[in-house]
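A short worksheet on the structure shown next.
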Amino acid sequence: MEIRINEKTLDVNLDTEKTIGDVLTGLEQWLTNCGHRLSELNIDGACINASMIEKVFLREIDTVKFIDIKTNSISELTAASLLNLLEDINEYEGLNFDEKAKFFEKWKESATAGFLYAETSDLYAFCVSTFSGGSMDTKTLISITEEIQREVNDPVNEIIKLQQIINDVCEKLIELPLDIQTGKDAQAAKTIQIFSAVTEKIFRIFRQLFNQGYLLVNDISLSGSGTNPLNDLIIDFSKILKDLLDAYEKNDSVLVGDLTEYEASPKLKALYAAILENIKNQAETKNNNAHTALAVLCAPDAAQD
């Protein structure tokens with residue numbers, strides 16, 4: 001059986017898979033990890049719709065000659081959904097009071113809402129707050145949406161722009177235990193808020209960088225097992241973030257001091273530096289591959305020798 005994804009034949013050995021369901025389940029997980037979503041499925045030239053899936057899943061693989069799959073990049077889908085969301089917000093702003101009260105019930109059934117719920121749950125929660133008369137106003141929702149939009153459209157530029165912000169927040173982290181001890185609760189809360197927002201942004205951009213091919217695939221553990229340096233840094237820093245927030249909530253200034261000075265601040269800088277270095281390495285790898293291909297095209301005789 002031949003498997004084609006976006007008209008390219010997939011080099012894969014089917015050792016344990018017995019049915020089409022086995023094959024598609026594995027492929028769907030692999031595509032998800034690679035930042036793609038299945039958009040169209042054809043089996044032996046027949047387009048498979050949702051009502052046919054259950055029956056198709058039971059077919060044994062030796063009864064099928066080829067599977068054609070088409071996918072969409074999750075980044076492209078996200079970009080489209082964000083544009084749709086901005087249009088939805090604009091529509092909501094133009095409604096009267098009674099119309100606004102009914103807007104959410106209709107909106108939550110839309111494709112945009114479904115995608116945001118599945119892929120960006122935080123943004124979906126903000127939409128719920130805005131469209132159901134909660135505490136978030138439309139201007140704030142637009143600002144958040146446009147920020148995420150920049151991260152999707154140009155993740156490299158967004159991560160580079162964080163350098164000074166990260167330096168500033170790391171300095172404030174070191175001062176955090178003293179702020180707690182001296183009763184500067186507002187300053188301490190602001191530091192934690194900024195730190196949390198920055199780290200959330202880094203995690204969002206990290207995913208975009210991976211989905212869009214700016215990070216070296218071989219340096220990312222898709223299983224989350226922590227078997228490579230960059231993935232180790234992400235997992236380790238996530239744990240430090242949780243420990244720090246727990247210590248802050250318990251008002252444990254001693255533990256907060258240890259975590260901020262020896263863990264959170266240096267590891268945030270290390271993670272940021274590793275992401276930038278990885279982007280640079282990937283760019284150089286792509287550039288070298290391009291130069292190699294160009295050399296072969298320009299000197300076919302030499303290549304044949």
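The values are calculated or read from the model by the stated rules, or taken from the named source; none is laboratory data. Quick caveat: nothing in here was measured; it's all calculated off a predicted structure. As a convention, Cβ positions derive from the backbone with ideal geometry for all residues, glycine included, and neighbour counts pool all protein chains shown.
For the range 149-187, filtering for residues that are touching a helix residue (DSSP H, G or I) at 6+ places or on another chain (Cβ under 7 Å) and at positive phi leaves 0. Just to be sure, is Ile61 at pLDDT 90 or above, of a type in the set (Val, Ile, Thr) and either over 30 Å from Thr138 (Cα atoms) or not assigned by TED's automatic domain parsing to the domain that holds Gln208 (or both)? Taking the combined requirement at face value, the residue does not satisfy it. Tallying residues that are closer than 30 Å to Gly183 by Cα and either assigned to a helix (DSSP H, G or I) or in contact with a strand residue (DSSP E or B) (Cβ under 6 Å, 6 or more places away or on another chain) (or both) within the range 249-279 yields 18. Residue count for the range 119-143 under the criterion of being assigned to a helix (DSSP H, G or I), modelled with pLDDT under 95 and among the small types (Gly, Ala, Ser): the result is 1.
Residues are listed down the side, and each one gets a yes or a no for (1) outside the structural domain of Asn13 (by TED's automatic domain parsing); (2) touching a Ser or Thr at 6+ places or on another chain (Cβ under 6 Å); (3) of a type outside the set (Ser, Thr, Tyr); (4) within 17 Å of Thr138 (Cα to Cα):
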residue	(1), (2), (3), (4)
Leu85	yes, yes, yes, yes
Asp88	yes, no, yes, yes
Asn96	yes, no, yes, yes
Gly114	yes, no, yes, no
